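Taking it in order: structure first as structure tokens, then the write-up.
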Amino acid sequence: MKRIDSKTYDCAAGCPVEATLDLIDGKWKAVILYHLLGDTIRFNELGRRLSKITQRMLTRQLRELEMAGLIHREVYAEVPARVEYSLTRLGRSLEPVIRSLWSWGNTYLQGHRAAPATVELSALVQRTN
């Protein structure tokens, strides 16, 4: 596992961006944080919300987020075991970043949904000329 707190940065102009991306890199971490913005969530519920993630990958990503201090893991002594995840204060401080990623991605996806039809139409127009 990657230890983020042991990495040193040269503090060039992009240093803060690099440090932030080190914390939320990968396909799933930002998505996990997005789902935790709303509330505390159990492990299996996270797995259902991220239907394409494997259980092994979800466990790994959650452990890395916990090691980085972004999420809190609460284990209840019950049978069957219940494990819940929530954002820490540090994790909650990423809310504007996560919401900005969502907003940008939503705008991007809306623009690209219209683009294929435009491309197909322009190709059709070129063929008929």
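Name the one entry in Val17, Val79, Val75 that is surrounded by fewer than 12 Cβ atoms within 10 Å (Cβ to Cβ) and part of a loop (DSSP other than H, G, I, E, B).
Values: Val17 fails: part of a loop (DSSP other than H, G, I, E, B); Val75 fails: part of a loop (DSSP other than H, G, I, E, B).
Checking each option against the conditions leaves just Val79.
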Q) Looking at the range 25-36, is at least one residue surrounded by fewer than 10 Cβ atoms within 10 Å (Cβ to Cβ) and either touching a helix residue (DSSP H, G or I) at 6+ places or on another chain (Cβ under 6 Å) or assigned to a helix (DSSP H, G or I) (or both)? A) no
Q) Considering only the range 1-52, how many residues are more than 17 Å from Trp102 (Cβ to Cβ), at pLDDT 90 or above and aromatic (Phe, Trp, Tyr)? A) 1
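Residue by residue through the range 37-65, note down the ones that are among the aliphatic types (A, V, I, L, M) and assigned to a loop (DSSP other than H, G, I, E, B). First the steps, then the outcome.
First, pick out the residues of the range 37-65 that are among the aliphatic types (A, V, I, L, M): 37, 41, 46, 50, 53, 57-58, 62, 65.
Answer for the range 37-65, where residues must be among the aliphatic types (A, V, I, L, M) and assigned to a loop (DSSP other than H, G, I, E, B): Leu37, Leu50, Ile53.
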Q) Just to be sure, is Arg113 out of contact with any strand residue (DSSP E or B) (no Cβ under 7 Å at 6 or more places or on another chain), among the basic types (Lys, Arg) and at pLDDT 95 or above? A) no
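The values are calculated or read from the model by the stated rules, or taken from the named source; none is laboratory data. For clarity, every value in this text was computed on a predicted model and none was experimentally measured. So basically every Cβ, Gly included, is an ideal-geometry build from the backbone, and we count neighbours across all protein chains shown.
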